[in-house]
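Below: the structure, in structure tokens.
The values are calculated or read from the model by the stated rules, or taken from the named source; none is laboratory data. Please read these numbers as outputs of a predicted model, since none were measured by experiment. Using ideal geometry, Cβ is built from the backbone for each residue, glycine included, and neighbour counts are taken over all protein chains shown.
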Amino acid sequence: GWIGREIDVLIDEVDGDGAIGRSYADAPEIDGAVILEGETCLRPGDMTRARVSGADEYDLWAERLEK
């Protein structure tokens with residue numbers, strides 16, 4: 001279902017590996033995260049558009065569309 005879809009991601013945290021956020025459908029601390037590997041220039045509170053590239057039972061992996 002999710003792979004290939006474009007979603008808006010609200011960034012919650014950023015570390016040396018990338019950014020972690022959530023889609024509009026996800027509640028913080030309850031639902032799974034959206035992981036943007038390597039996106040270290042984002043800041044908490046940023047909104048970005050991404051394409052989902054992978055998923056597991058809880059989380060989504062996505063690639064940022066706008067740089």
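Tell me whether segment 42-49 contains one or more residues that are surrounded by 13 or more Cβ atoms within 10 Å (Cβ to Cβ), touching a residue at least 40 places away in the same chain (Cβ under 8 Å), closer than 22 Å to Ile3 by Cβ and of a type outside the set (A, V, I, L, M, F, W, C). Yes: one or more hits. Against the test of being at pLDDT below 95 and at negative phi, the options Ala62, Ala55, Ala50, Ala27 yield a single qualifying residue, Ala27. Considering Asp31, Asp26, the condition of being of a type outside the set (A, V, I, L, M, F, W, C), in contact with a strand residue (DSSP E or B) (Cβ under 9 Å, 6 or more places away or on another chain) and surrounded by fewer than 16 Cβ atoms within 10 Å (Cβ to Cβ) is satisfied by Asp31 alone.
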